[in-house]
Amino acid sequence: MIYLFSLLTIFAFLAGQQISRKLRSSVLNPFLIALVIVVTLLYFLDIPYHFYYQGNFPLNNLLGVSVVALALPFYEQLPQIRKKWKPIVAVLLFSTFVAMFTGVFFAVILGAHQDILATIIPKSVSTPIAIAIAGQIGGSSAITAVGVMIAGLLGSVFGFSILHWLGVRNVRAIGLTMGSVSHALGTGRCMEYSVKTGSYSSIALVACGVLSSIFAPMMYKLAIWLFY
């Protein structure tokens with residue numbers, strides 16, 4: 001019976017998609033609408049969050065699988081990727097370090113404790129990878145998940161507008177930027193834009209996750225040595 005909460009999550013997201021399509025607003029992201037629906041229902045029906053979380057166990061287990069599924073558009077664009085692999089690698093390395101550095105920068109400027117530093121360093125990668133990184137370097141998995149959600153929402157809602165304002169029109173550049181900054185939510189938004197954009201975004205999503213898992217512990221130790 002408790003797994004009916006999984007159906008609630010699915011229906012809330014489907015409702016969010018329908019509302020977003022009818023209103024045609026990039027700000028009203030389906031994920032954001034679904035979040036509001038679920039939170040409202042839990043609040044007014046007085047349902048404890050841990051019940052809802054347990055009821056979504058089947059969906060939570062699909063997080064890792066969803067990342068693997070992104071290999072399909074990656075495979076479809078493989079011939080083009082091989083031709084452009086050098087600039088792609090350069091962009092992904094740069095994006096990974098910038099994403100981690102911004103977390104370190106704001107943590108230091110705001111005087112955050114080193115536990116918070118460890119929590120926000122992996123904010124720009126997909127949830128399963130971010131939680132694993134946070135656990136490895138001593139951060140809070142729950143707060144990391146919130147940070148990932150915020151980064152994904154901001155990127156998926158405002159990313160295209162900012163890139164267009166900056167004059168970025170190349171679909172490869174858009175895809176790599178969105179995937180490296182706003183992970184799965186940004187990639188989903190890119191899939192709506194075009195298959196090629198979504199493919200490059202999925203490359204960034206996976207590659208930045210791998211690079212972050214390698215370099216995040218080093219970045220954390222360096223930040224501790226320099227600022228704490």
Test: residue in segment 23-31 that is closer than 17 Å to Leu153 by Cβ, at pLDDT 90 or above and surrounded by 14 or more Cβ atoms within 10 Å (Cβ to Cβ): no
Answer from Phe44, Phe31, Phe11 - the residue that is under 30 Å from Ala118 (Cβ atoms) and among the aromatic types (Phe, Trp, Tyr): Phe31
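Kindly indicate which of Gln80, Gln54 is in the same structural domain as Val125 (by TED's automatic domain parsing) and surrounded by fewer than 17 Cβ atoms within 10 Å (Cβ to Cβ).
Values: Gln54 fails: in the same structural domain as Val125 (by TED's automatic domain parsing).
Residue meeting the stated conditions: Gln80.
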Top-ranked residue in segment 150-170 [being crowded, with 18+ Cβ neighbours inside 10 Å and either without any contact (Cβ under 8 Å) to a residue 60 or more places away in the chain or acidic (Asp, Glu) (or both); ranked as farthest from Lys84 (Cα to Cα)]: Ala151
Pair list, Cβ < 6 Å and 6+ apart or interchain, from segment 171-199 residues that are within 17 Å of Pro30 (Cα to Cα) and of a type outside the set (Gly, Ala, Ser) to residues that are at pLDDT 85 or above and outside any helix (DSSP H, G or I): His183/Val125
Tally, over segment 95-124, of residues that are in contact (Cβ under 8 Å) with a residue 12 or more places away in the chain, more than 13 Å from Ser180 (Cα to Cα) and aliphatic (A, V, I, L, M): 8
Output for segment 110-135, where each listed residue is more than 16 Å from Met100 (Cβ to Cβ) and polar (S, T, N, Q): Thr127
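Has segment 192-212 got any residue that is within 9 Å of the chain's Cα centre (by Cα), within 23 Å of Ile33 (Cβ to Cβ) and in the same structural domain as Ser95 (by TED's automatic domain parsing)? Walk me through it before giving the result.
Step one: list which residues in segment 192-212 are within 9 Å of the chain's Cα centre (by Cα), which gives 205.
Checking the rest, the ones that are also within 23 Å of Ile33 (Cβ to Cβ) come to 205.
Restricting the remaining residues to those that are in the same structural domain as Ser95 (by TED's automatic domain parsing) gives 205.
Checked segment 192-212: at least one residue is within 9 Å of the chain's Cα centre (by Cα), within 23 Å of Ile33 (Cβ to Cβ) and in the same structural domain as Ser95 (by TED's automatic domain parsing).
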Matching residues, segment 189-228, being surrounded by fewer than 20 Cβ atoms within 10 Å (Cβ to Cβ) and small (Gly, Ala, Ser): Ser194, Ser213
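May I ask you to verify whether Ser95 is assigned to a helix (DSSP H, G or I), at negative phi, surrounded by 13 or more Cβ atoms within 10 Å (Cβ to Cβ) and in contact with a Pro (Cβ under 9 Å, 6 or more places away or on another chain)?
no
Inside segment 31-49, can you point out the residues that are among the aliphatic types (A, V, I, L, M) and not in a helix (DSSP H, G or I)? Outline the logic, then answer.
First pass over segment 31-49, keeping only residues among the aliphatic types (A, V, I, L, M): 32-39, 41-42, 45, 47.
Those that are among the aliphatic types (A, V, I, L, M) and not in a helix (DSSP H, G or I): Leu45, Ile47.
Using the structure shown, decide if Ala134 is touching a Phe, Trp or Tyr at 6+ places or on another chain (Cβ under 9 Å) and surrounded by 13 or more Cβ atoms within 10 Å (Cβ to Cβ). Reasoning before the result, please.
Working: touching a Phe, Trp or Tyr at 6+ places or on another chain (Cβ under 9 Å): no; surrounded by 13 or more Cβ atoms within 10 Å (Cβ to Cβ): yes.
So Ala134 does not fit the description; no.
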From Val89, Val157, Val168, residue being assigned by TED's automatic domain parsing to the domain that holds Cys208 and closer than 22 Å to Ile214 by Cβ: Val89
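The values are calculated or read from the model by the stated rules, or taken from the named source; none is laboratory data. It should be emphasised that the depicted structure is a prediction, and the values quoted were computed from it without experimental measurement. We place every Cβ from the backbone using ideal geometry, glycine too, and count neighbours over all the protein chains shown.
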